[in-house]
Amino acid sequence: MSHVPQIKIPATYLRGGTSKGVFFRLQDLPEAAQRPGAARDRLLQRVIGSPDPYGKQTDGMGGATSSTSKAVIIGPPTVAGHDVDYLFGQVAIDRDFVDWSGNCGNLSAAVGPFAIANGFIPPARLPQHGVCNVRIWQANIGKTIVAHVPITHGQVQETGDFELDGVTFPAAEVQLAFLDPAEAGDEGQALFPTGKPVDTLDVPGVGRFQATFINAGIPTLFLNAADLGYTGTESQEAINSDPAALARLETLRAHGALQMGLIQDLSEAATRQHTPKIAWVAPPADYVASSGQSVRAAEIDVLVRALSMGRLHHAMMGTAAVAIGAAAAVPGTLVNLAAGGGAREAVRFGHPSGTLRVGAQAVQRDGQWVVTQAVMSRSARVLMEGWVRVPGDAF
């Protein structure tokens, strides 16, 4: 019986925020996978273990959730004033595609540490003790992220006492600044694709909803929880065990993508699951997080629940947190109104695993709202490093 030997590729398995992913240096990939295209997609799918009709990714590095089915490619900077290029691939679990349409904010926290550990930052830039600022070019969306990475004894500090809801163990804090997070658009309406902080989403057979469409961190559409029949305190199990609810939310997301101009036909939404995100918001209320801890209404400004790759996220996507912060900073959006309205430069929101604070600065220029930066803290840690192995004919 014929067989194809496996090949091994240098790789690092990292946790960043509430996500995990397999990181590669661009130069370490097989030549055919160093360029965008089918060969790269097939290789990353095989590494992660997709597409898997069983939905388990048993024969790969993926963890069978959107948060753990991710791949990252780090390369030399292609834009002046940056230290590295960062390219993110969201690998579908049971479907045959890799979505390159957006960033992963959680794994962004691991890019700086990876860049330092893998020689992308000159040794002269590293303090013996302190913080190393790594300027990252996020190649998926063409934006700059600055990671403030703690350094101890000249090495990346990974352990510490910073606690992040959704992550079991404390670690070292990595502060992230997402600069000018709105994607470029026409007529100065990049932040709000429809030009309005609140619009109407009209979905035949489903209903008419107030919606905030925003393009910051990642394209996101926000709805009012009450309009969906929700409270904003929903658990992962409550939503993900309800196929009818997931189907309705996907229909709303697809129509939102169309209204935001991200797709030209509803059929395209099926292969663009990573963007846009769909989320719902509500005023603060008491609830119990997935860890069993009590979250009090007085501790938060707003409740948010968001879907990732068709499922309710166990905590909050980092890029969606940027969108939440940006929307909260602009008076009149659904997020801002649910948080009590008015001007604000930071918001603490409740998600299924607990709470998260994100800051954002919004200003008006020529009558249009612009978010200059969004800031939040995450953590990152190397879980394993060495090589991944894939069959030689995988790509």
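Structure summary
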quantity: Table column - 3J(HN,Hα) (Hz), the range 274-291, Karplus curve with 6.51, -1.76, 1.60, x for Gly and Pro; calculated: 6, 9, x, 7, 10, 9, 10, 10, 7, x, x, 7, 6, 7, 10, 6, 4, 7
quantity: Point-charge dipole on Cβ atoms (K/R +1, D/E -1) for the range 1-89, about Cα centre, debye to 20; calculated: 180 debye
quantity: Under 5 Å, built H, 5+ apart or other chain: amide partners of LYS277; calculated: THR220, LEU221
quantity: Amide hydrogen neighbours beyond the local backbone of VAL131, cut-off 5 Å, H modeled; calculated: ILE151
quantity: Accessible area, probe 1.4 Å, largest first, for residues ILE141, ILE7, ILE151; calculated: ILE7, ILE141, ILE151
quantity: Carbon and sulfur %, accessible surface of the range 23-89 computed with the full protein complex present, 1.4 Å; calculated: 55 percent
quantity: The range 272-355: chymotrypsin sites (Phe, Trp or Tyr not before Pro) falling in loop per DSSP and having at most 10 other Cβ within 10 Å; calculated: none
quantity: Rounded accessible area per residue of the chain, 1.4 Å, Å²; calculated: 41 Å²
quantity: Gain on full stretching of the segment that runs from ARG365 to THR231 - 0.36 nm per residue minus C-alpha separation; calculated: 44.7 nm
quantity: Exposure of LEU337 as accessible area (Å², to 10), given a probe of 1.4 Å and all protein chains; calculated: 100 Å²
quantity: Highest-fluctuation residue, GLY350, GLY55, GLY205 considered, GNM on the chain with Cα pairs under 10 Å; calculated: GLY205
quantity: Value of relative contact order over the range 34-100, rounded to a whole percent, pairs C-alpha under 8 Å and six or more apart; calculated: 31 percent
quantity: Of all accessible heavy-atom area on the range 165-317, the percent that carbon and sulfur account for (1.4 Å); calculated: 48 percent
quantity: Using θ = phi - 60° and Karplus 6.51 cos²θ - 1.76 cosθ + 1.60, couplings along the range 116-124 (whole Hz; Gly, Pro as x); calculated: 5, 5, 10, x, 7, 9, x, x, 5
quantity: Contour minus Cα-Cα distance for VAL288 and GLN264 (0.36 nm per residue); calculated: 4.6 nm
quantity: Percentage relative contact order, the range 97-152, counting C-alpha pairs under 8 Å, at least six apart; calculated: 36 percent
quantity: Alpha-carbon centroids, the range 113-164 and the range 286-338: separation in whole Å; calculated: 27 Å
quantity: Lysine pairs meeting the criterion (Cα under 25 Å, 8 or more apart or interchain), as found in the chain; calculated: 14
quantity: Amide hydrogen neighbours beyond the local backbone of THR355, cut-off 5 Å, H modeled; calculated: ASP165
quantity: Average Cα contact separation per residue, the range 328-395, under 8 Å, 6 or more apart, as relative contact order %; calculated: 19 percent
quantity: Ranking by accessible area, most exposed first, for LYS20, LYS8, LYS277, LYS143 with a 1.4 Å probe; calculated: LYS8, LYS20, LYS143, LYS277
quantity: Alpha carbon centroid spacing (whole Å) that separates the range 381-395 from the range 339-369; calculated: 39 Å
quantity: Antiparallel DSSP beta bridges within the range 13-147, as percent of all bridges there, nearest 5; calculated: 70 percent
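The values are calculated or read from the model by the stated rules, or taken from the named source; none is laboratory data. The structure presented is a predicted model; accordingly, all values stated were derived computationally and were not measured. Please note: Cβ atoms are built from the backbone with ideal geometry, for glycine as well, and neighbour counts cover all protein chains shown. Please note that ligands, DNA and RNA were not included when accessible areas were found on the heavy atoms of the full protein model with its side chains. Shrake-Rupley method; radii C 1.70, N 1.55, O 1.52, S 1.80 Å.
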